[in-house]
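Visitor: I'd like to ask some things about the structure below.
The values are calculated or read from the model by the stated rules, or taken from the named source; none is laboratory data. Source: prediction; values computed, not measured. Cβ placement follows ideal geometry from the backbone for every residue including glycine, while neighbour counts extend to all protein chains displayed.
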């Protein structure tokens, strides 16, 4: 057992060097990782030439991150170059400062406890919690995810390309990443031209936030055991394979 950010290292330790995989599945895991660049590099190291990393990622517009700004590549770089191994207390605070809930009227309503958390953690009588605090370290839309991958691949950091990415389906979107060369060979003009297009698409996607703020609340269900939940999650994500074929590449 260990961190997903150390996937390749853990694989080598258990199975030896040279083991490659056709599929890696990451479902609602990526947004929690303290170092996304390291995770992607580790996945690339153990994927076969025709392998695929498939991810189910929450779209921040349609979950409790609704009011939260999208994550920026500078934040990823800070985590990567700082060799971050756990979320920061400030990332945990950011989640609470933007948290919302879906009301009975179908609208997202703030449930912020910003003052409570500030006083408890940073105030005169506060105490910063120790240990690992699980949180959404990052917030994405499909468009912002595509922009992030465009940047880190162009920087020579991540040898993966987006093979397919879906539109939002419920509260999530799906991404297929495949091995590819980094994009150092591309001209600067090409990089900046594509980046501008992606940035404009991010802005347009943010405009959908108000237009698509009403979503149907899913019916409540009884809690179930972890093994069954894992099986259902893998089955659910696998069913998206056919749907992805009709989405944009």
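Visitor: Could you tell me which numbered condition residue 183 fails, if it satisfies all but one of (1) within 26 Å of residue 46 (Cβ to Cβ); (2) at pLDDT 95 or above; (3) touching a helix residue (DSSP H, G or I) at 6+ places or on another chain (Cβ under 6 Å); (4) outside any strand (DSSP E or B)?
Guide: (2)
Visitor: Here's another thing I want to ask about it. Taking residue 13 and the conditions (1) assigned to a loop (DSSP other than H, G, I, E, B); (2) without any contact (Cβ under 8 Å) to a residue 24 or more places away in the chain, which numbered condition does it fall short on, given that it satisfies the others?
Guide: (1)
Visitor: Confirm whether residue 172 is within 18 Å of the chain's Cα centre (by Cα) and either surrounded by 13 or more Cβ atoms within 10 Å (Cβ to Cβ) or modelled with pLDDT under 60 (or both).
Guide: Yes, satisfied.
Visitor: Now a separate question. Out of curiosity, is residue 12 touching a strand residue (DSSP E or B) at 6+ places or on another chain (Cβ under 7 Å) and either over 25 Å from residue 172 (Cβ atoms) or crowded, with 16+ Cβ neighbours inside 10 Å (or both)?
Guide: Considered against the rule, which asks whether it is touching a strand residue (DSSP E or B) at 6+ places or on another chain (Cβ under 7 Å) and either over 25 Å from residue 172 (Cβ atoms) or crowded, with 16+ Cβ neighbours inside 10 Å (or both), residue 12 comes out as no.
Visitor: Ok, one more. Just to be sure I understand, how many residues within the stretch 160-185 are touching a strand residue (DSSP E or B) at 6+ places or on another chain (Cβ under 8 Å) and over 19 Å from residue 142 (Cα atoms)?
Guide: 2
Visitor: Let me ask something else. Being touching a residue at least 60 places away in the same chain (Cβ under 8 Å) and under 15 Å from residue 135 (Cα atoms) is the requirement here; does residue 73 meet it?
Guide: When the stated conditions are applied, residue 73 does not pass them.
Visitor: State which residue is farthest from residue 31 (Cα to Cα) when the search covers only the stretch 175-191 and only residues that are in contact (Cβ under 8 Å) with a residue 12 or more places away in the chain and surrounded by fewer than 12 Cβ atoms within 10 Å (Cβ to Cβ).
Guide: The qualifying residue farthest from residue 31 (Cα to Cα) is 184.
Visitor: When you scan the stretch 97-117, how many residues do you find that are surrounded by 18 or more Cβ atoms within 10 Å (Cβ to Cβ) and either out of contact with any strand residue (DSSP E or B) (no Cβ under 9 Å at 6 or more places or on another chain) or part of a loop (DSSP other than H, G, I, E, B) (or both)?
Guide: Result for the stretch 97-117: 2.
Visitor: With respect to residue 138, is the statement that it is assigned to a loop (DSSP other than H, G, I, E, B) and farther than 21 Å from residue 199 by Cβ true?
Guide: no
Visitor: Still on this model: Could you list, in sequence order, the residues of the stretch 16-50 that are farther than 22 Å from residue 202 by Cα, surrounded by fewer than 19 Cβ atoms within 10 Å (Cβ to Cβ) and either out of contact with any helix residue (DSSP H, G or I) (no Cβ under 7 Å at 6 or more places or on another chain) or in contact (Cβ under 8 Å) with a residue 40 or more places away in the chain (or both)?
Guide: 16, 17, 18, 22, 23, 25, 27, 48, 49, 50
Visitor: Scanning for something touching a residue at least 12 places away in the same chain (Cβ under 8 Å) and out of contact with any helix residue (DSSP H, G or I) (no Cβ under 7 Å at 6 or more places or on another chain), does the stretch 192-203 turn up at least one residue?
Guide: Among the residues of the stretch 192-203, not one is touching a residue at least 12 places away in the same chain (Cβ under 8 Å) and out of contact with any helix residue (DSSP H, G or I) (no Cβ under 7 Å at 6 or more places or on another chain), which makes the answer no.
Visitor: Still on this structure: Sort through 198, 149 and tell me the only one that's within 19 Å of residue 70 (Cβ to Cβ), in a helix (DSSP H, G or I), in contact with a strand residue (DSSP E or B) (Cβ under 8 Å, 6 or more places away or on another chain) and modelled with pLDDT of 95 or more.
Guide: So the residue among 198, 149 that is within 19 Å of residue 70 (Cβ to Cβ), in a helix (DSSP H, G or I), in contact with a strand residue (DSSP E or B) (Cβ under 8 Å, 6 or more places away or on another chain) and modelled with pLDDT of 95 or more is 149.
Visitor: Among the residues of the stretch 42-96, which ones are part of a strand (DSSP E or B) and under 19 Å from residue 146 (Cβ atoms)?
Guide: Selection gives 52, 53, 54, 55, 56, 57, 58, 59.
Visitor: Can you tell which of 146, 183, 96 is under 30 Å from residue 22 (Cα atoms) and within 20 Å of the chain's Cα centre (by Cα)?
Guide: The match here is 146.
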